[in-house]
Amino acid sequence: MVRFSVLLASLLFAVSASAAGLEVTGAWIRHLPAGVPAGGFFTIHNPGKRAVALVGASSPAYGTVMMHRTIEEGGVAKMVAVKRVEVPAGGTLAFRPGGYHLMLMHPKRDIPVGAKIPVTLEFSNGRKLTVHFDVRGPAAQGPAGQKTR
């Protein structure tokens, strides 16, 4: 029974992480070869009555983690760095390909597809939440259950 409880707790942690009411689900990294920065994607749900902002991220596996947003100007997509992203009260914010995303640069070691990488998200209220991101290959398009080659 104890083993089952530990296994169940481990599975629940792998699916989502939460702190101070915030919940993060669907965390994954698109790993690209040859030193190209990886992209980090996830969804944050804020069931609280106050908005909170994501103001930073870090990982012991990468030298630099930045928040970016893909925008289109004149028919050309480009990435711009962002310092803060609001998560509305009672709302959800998705970091996904073609929108907000994390840029994970300068890996400190070889990071294979299939690994789970801790990323700590930092919020404007001083809270930090460490989430384990699944590493997927270059063809990955979304969370588990979607194209993940």
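Bear in mind these aren't lab numbers, they're just calculated from the coordinates by the rules spelled out. The structure presented is a predicted model; accordingly, all values stated were derived computationally and were not measured. Here the Cβ is made from the backbone with ideal geometry for all residues, glycine too, and neighbour counts use every protein chain on show.
Treating each Cα of the range 71-125 as one equal point scatterer and applying the Debye formula with no solvent, the log10 of I(q)/I(0) at q = 0.23, 0.29 Å⁻¹ comes out as -1.17, -1.33. Does the range 33-78 come out rounded, prolate or oblate, given a ≥ b ≥ c as the square roots of the eigenvalues of its C-alpha gyration tensor, rounded meaning a/c under 1.5 and, failing that, prolate meaning a/b above b/c? Since a/c reaches 1.5 but b/c is at least a/b, the shape of the range 33-78 is classed as oblate. With 0.36 nm allotted per residue and the present C-alpha distance subtracted, the LYS49-GLU23 stretch has 7.9 nm of extension available.
Ordering of 26-33, 66-73 by packing is 26-33, 66-73, highest average first (other Cβ atoms within 10 Å, averaged per residue).
When you filter the trypsin sites (Lys or Arg not before Pro) in the range 70-119 for DSSP loop state and at most 13 other Cβ atoms inside 10 Å of their Cβ, you are left with LYS83, ARG84, LYS108, ARG109.
Within the straight-line cut-off of under 19 Å between alpha carbons, the aspartates and glutamates reachable from LYS116 are GLU23, ASP134, sequence neighbours fewer than 8 places apart in one chain being disregarded. Computed from point charges on the beta carbon alone (+1 for Lys and Arg, -1 for Asp and Glu), the dipole magnitude for the range 74-128 about its Cα centre is near 120 Debye. Between ALA89 and LYS128, the contour length at 0.36 nm per residue exceeds the alpha carbon distance by 12.3 nm.
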